[in-house]
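Heads up: the structure comes next, in structure tokens.
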Amino acid sequence: MRSWQFLSEGRATGDILRLLALLSFGVLWLLPGIGGTALLQQGDEAMHIAIIEESLEDGAWLAPQLYGVPNPFKPPLLYWAGMISSAIFGPGLAAARLPSVLAGALTAALIYIMLRRARVSALRSTLFSALYLISLAAVKFSRLALMEAMLTLLLTAGVAALLEYWRHGHSFWLLLAGLLSGVAALLKGPLALVYLDLALLAWTSLHLLRFQIKNGRLYWRGRSAWIETLRVWTLVNGAALFVFGLWMAALAAGNQHGADLLRFFLVVENAGKFSGAAQGEWRIALGLLLYTMPWTPWLAYLLWKSASGRVLHPRQRDGRILLLAAALMVLLHLIPERKGDYYVAPFLPLVWIGAALSTNEALVGRGAWALQATRALAFLLWLVSLVAALWAGLSVQSSIVFALSLFALVLARTLVRYHKSERAPVWSALLAGLAATLAFQFGTLSALERPLIGHNRLARQGAYCVASQNPHDIQKIAIALPEAEIIAYSPVTEQDCLSGGRLLLILREATQPPAGWRKRSEWPIYREQFNEPVWPRLIRDRSAVMDSAVLYQPASSVWQDSRAEPHRVAAGEANP
């Protein structure tokens, strides 16, 4: 037990039990539904899963590949994690997403550890860990095969190591922080190195930029610390570059196209973000508002208190450093031409930890308006989720989820109205936020699910050419039909489609079928992008958000396919 006493003042058992409970809740909270297609309509995830499955099948560990070609867009750590998980549990969506689930639960546990190390009370530490775990950022990215959940965990762990150095001065923590940063770079490249350097910059600014006016003269009090600062930067970045450089050297030496892959990744994929595709800064602000929901008003109040309060304790200083680091990361993402709201996800734990460290232990009695606004926002999100689910058609699963979330809302209201404990408003807001997130993630998304291929539309062992404006559509179909033969339709493959006994599936009116093909069946699928005139039509006209999926077969009377659909579908039939 002695090794765990760093969590609290000699009472390790309670902290271990709370950690285990937090980890268990995190896994049970994030795990349901990760094997389903309701979560598949997310950015590049289909490509990531396709890379994981193909690379595992072909044994392409050094340079994970897609369609037989090494992937030059991202380093391999996400694919390695998915390949290991798939090798243990078998290929599929659940195995590919499991590393993200574990990363999300571990991030919440790490938040708890970091707060307890700063002598924050167990109750407050548990609360802030739960707030992050139930936020939209954790619930979304910890359930998908994307980089964000693992990058969040590694960045938070690296900052935790830096905090340990700032408190105790052992160089081991600097080396550990650098190694974690180097491993994080295997997810998204040099950006991960810059993240930790910005945390170092925040520390440096408070460590070196210390001045004092005495006898009318300005003295630089931090001048004596520049040697230590140089050593810190050298150790951290040296360890990080060692890990990242080791991978680059292995790729360059072990793959015949390794040098070209690195050149594309470092120059085109990373430096290319600073040219072309100019996108507004509002995307970053939207990410901060969106991915802190449903706690955005409460977090905004805590940040305001952090900025306006005086530093009376070392942990408040540490909290200010973390908040400054997060602010620098926001400014970093305002520079490139390409921006996305999800860019803010990896450093949101720093915001929660910084807010917890910078503010007073008393959460109640102050900021009652923020807690009320949080409960109101949670109810609004729940109501919008219910309306969207009713519009799409409630399933039995969605109905159960909304019933449970409604019970949580009623309990939250009862708690704040009749329970006079000073902690009641906080736990009431927590219950209301839990209800809103539960309704949206497990009720609305499942109700809105409309896969590209409906039940029995395509034979599981069929052979198809697929044409779509979005290449991810083709990867989604290949994932949904792992035993089928799927190729992308193009002028290059047109002859193979005509002579290979394949059916032709055209999504989103990507092209016109060539002569000699006749329509076999058709069904609606959801659009991926909407223009502004569409939005006013959504309530009265559901087809405003629909595109078409059309299946063709050769018109020749002698054409037959033993792998055809198991059930006949009339042309023009609606999607079930």
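The values are calculated or read from the model by the stated rules, or taken from the named source; none is laboratory data. Keep in mind the model is a prediction, meaning the values are calculated, not measured. Reconstructed Cβ throughout: ideal geometry from the backbone, glycine too, with neighbour counts over all protein chains shown. Please note that ligands, DNA and RNA were not included when accessible areas were found on the heavy atoms of the full protein model with its side chains. Shrake-Rupley method; radii C 1.70, N 1.55, O 1.52, S 1.80 Å.
Under 7 Å between Cβ atoms, at least 6 apart or on separate chains: pull out the pairs that start in segment 516-539 with a residue that is acidic (Asp, Glu) and end on any residue that is open to solvent by 50 Å² or more (accessible area, probe 1.4 Å) and modelled with pLDDT under 55.
Within 7 Å, the pairs are Glu522/Ala571; Glu522/Gly572.
Sort out which residues of segment 205-251 are over 28 Å from the mean Cα position of the chain (by Cα), surrounded by 14 or more Cβ atoms within 10 Å (Cβ to Cβ), among the aliphatic types (A, V, I, L, M) and at pLDDT 90 or above, and write them in order of number.
Residues satisfying the conditions are Val232, Leu235.
Got at least one residue in segment 444-459 being within 24 Å of Asp44 (Cβ to Cβ) and touching a Cys at 6+ places or on another chain (Cβ under 9 Å)?
Looking for residues that are within 24 Å of Asp44 (Cβ to Cβ) and touching a Cys at 6+ places or on another chain (Cβ under 9 Å), one finds none in segment 444-459, hence no.
Among residues belonging to segment 71-97 that are of a type outside the set (A, V, I, L, M, F, W, C) and surrounded by fewer than 21 Cβ atoms within 10 Å (Cβ to Cβ), point out the one that is farthest from Arg263 (Cα to Cα).
Gly90
May I ask you to say which residue of Ser171, Ser100, Ser142 is out of contact with any strand residue (DSSP E or B) (no Cβ under 6 Å at 6 or more places or on another chain) and farther than 30 Å from Val268 by Cα?
Among Ser171, Ser100, Ser142, only Ser171 is out of contact with any strand residue (DSSP E or B) (no Cβ under 6 Å at 6 or more places or on another chain) and farther than 30 Å from Val268 by Cα.
I'd like the full set of residues that are β-branched (Val, Ile, Thr), open to solvent by less than 10 Å² (accessible area, probe 1.4 Å) and either more than 15 Å from Ile321 (Cα to Cα) or in a loop (DSSP other than H, G, I, E, B) (or both), limited to segment 118-169.
Scanning segment 118-169 gives Val120, Ile134, Val139, Thr152.
If the Cβ limit is 8 Å and pairs must be 6+ apart or interchain, which residue in segment 390-410 that is over 17 Å from Ile134 (Cβ atoms) pairs with which residue that is assigned to a helix (DSSP H, G or I) and open to solvent by 80 Å² or more (accessible area, probe 1.4 Å)?
Trp391/Arg542
Within the bounds of segment 356-363, is there any residue that is more than 25 Å from Ala149 (Cβ to Cβ), in contact with a Lys or Arg (Cβ under 9 Å, 6 or more places away or on another chain) and either among the aromatic types (Phe, Trp, Tyr) or assigned to a helix (DSSP H, G or I) (or both)?
yes
For the structure I just gave you, tell me whether Arg413 is farther than 26 Å from Gly33 by Cα, modelled with pLDDT of 85 or more, charged (D, E, K, R) and surrounded by fewer than 19 Cβ atoms within 10 Å (Cβ to Cβ).
So Arg413 passes the test.
State the number of residues belonging to segment 463-515 that are part of a helix (DSSP H, G or I) and closer than 23 Å to Ile52 by Cα.
Looking only at that region, the number is 10.
Would you mind finding the one in Glu485, Glu509 that is more than 29 Å from the chain's Cα centre (by Cα) and under 17 Å from Arg527 (Cα atoms)?
Glu509
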